[in-house]
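The block underneath contains the structure these notes are about, expressed in C-alpha cells.
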Amino acid sequence: QLQLVESGGGLVQAGGSLRLSCAASGSIFSIAAMAWYRQAPGKQRELVTTVARGGTTNYADSVKGRFTISRDNAGNTVTLYLQMNSLKPEDTAVYYCNALAGRVVWGQGTLVTVSS
C-alpha cells in the first residue's frame, strides 16, 4: 500500500523560499502521476502542480514561474519536491502531496505560512 509523508513546511517571509518534500513508500511502482495541492484557511483545496510519470508538468497560473515540481526516483524510493520561490502571503496554506496509483493517495499535509 502506498503511503505519502510530506515535510519542509514552515514560516517564511514574503519573497522567501521553501522546499517541500514528499516521501513515497510502499507500492511506488503503481504511481502514475503525482501532484501538490494546497488548502488555505476557509477555502477549498486547489491543485498547485502535477508531474506525470513521463515528466510532463503543469502549474496553476498563480504559481507559474515561482514554483517548480520535481520527482526523484532512486531505487525503491520516490520523492516528490516542490521548490517555492518568491513566496507571497496568499501562498499560505496546508500543502498536500497526492499520488494517482490505482486510487488517489494523500499525504497528511504540511503547513506553509508566509508573513508579509
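The values are calculated or read from the model by the stated rules, or taken from the named source; none is laboratory data. Given the structure is predicted, the values throughout are model-derived calculations rather than measurements. When we count neighbours, we look across all protein chains shown, and the Cβ atoms used for this are built from the backbone with ideal geometry, even at glycine. Note: accessible area is taken over every heavy atom of the protein model, side chains too, but ligands, DNA and RNA are not part of it. Shrake-Rupley method; radii C 1.70, N 1.55, O 1.52, S 1.80 Å.
Here are a few things to note about the model shown:
- Region 58-93: number of residues that are part of a loop (DSSP other than H, G, I, E, B), free of Cβ contacts under 8 Å to residues at least 40 places away in the same chain and surrounded by fewer than 19 Cβ atoms within 10 Å (Cβ to Cβ): 7
- Within region 94-116, the set of residues being outside any strand (DSSP E or B) and either touching a residue at least 40 places away in the same chain (Cβ under 8 Å) or hydroxyl-bearing (Ser, Thr, Tyr) (or both) comprises Ala101, Gly102, Gly107, Gln108, Gly109, Ser116.
- Residue count, region 40-52 (criterion: open to solvent by 60 Å² or more (accessible area, probe 1.4 Å) and among the polar types (S, T, N, Q)): 1
- Scope region 73-97; condition within 14 Å of the chain's Cα centre (by Cα) and more than 17 Å from Gly107 (Cα to Cα); matching residues: Gln83, Met84, Asn85, Asp91, Thr92
- Checking Ser17, Ser30, Ser25 one by one, the residue that is at pLDDT 95 or above and in contact with a strand residue (DSSP E or B) (Cβ under 9 Å, 6 or more places away or on another chain) is Ser17 and no other.
- The set of residues in region 1-32 being assigned to a strand (DSSP E or B), open to solvent by 30 Å² or more (accessible area, probe 1.4 Å) and more than 27 Å from Ser116 (Cβ to Cβ) consists of Gln3, Val5, Ala23, Ser25.
Residue by residue, here is whether (1) at positive phi; (2) touching a Ser or Thr at 6+ places or on another chain (Cβ under 8 Å) holds:
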residue: Val5; (1), (2): no, yes
residue: Gly10; (1), (2): yes, yes
residue: Arg19; (1), (2): no, no
residue: Tyr37; (1), (2): no, no
residue: Glu46; (1), (2): no, no
residue: Ala52; (1), (2): no, no
residue: Gly55; (1), (2): yes, no
residue: Ser62; (1), (2): no, no
residue: Phe67; (1), (2): no, yes
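- Region 94-116: number of residues that are in contact with a helix residue (DSSP H, G or I) (Cβ under 8 Å, 6 or more places away or on another chain) and either of a type in the set (A, V, I, L, M, F, W, C) or crowded, with 18+ Cβ neighbours inside 10 Å (or both): 3
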